[in-house]
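So the structure is just underneath, and the comments pick up after that.
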Amino acid sequence: MSTITATSMTGQIHVSDPDPRVRLQPWAGLAVFCGYAALALGLAMFRLRGRDA
């Protein structure tokens, strides 16, 4: 779990990640995001198919 702190005087954001080994690589993160988007679109199609839309 990451901790995000912002300082109001400088406008900088500091992110501390306690275990950087569990983060995804950029392409793997993109694949997970595309999977979530495909799942959401599939669920929307399934729900709209049952209605008169």
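Listed values, structure above:
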| read-out | value |
| --- | --- |
| Matching residues in segment 8-48 - criterion: being in a loop (DSSP other than H, G, I, E, B), modelled with pLDDT of 70 or more and surrounded by fewer than 10 Cβ atoms within 10 Å (Cβ to Cβ) | 25 |
| Condition met for residue 51 (at pLDDT below 90 and in a helix (DSSP H, G or I)) | no |
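The values are calculated or read from the model by the stated rules, or taken from the named source; none is laboratory data. Keep in mind the model is a prediction, meaning the values are calculated, not measured. Neighbour counts run over all protein chains shown; Cβ positions are idealised from the backbone, glycine included.
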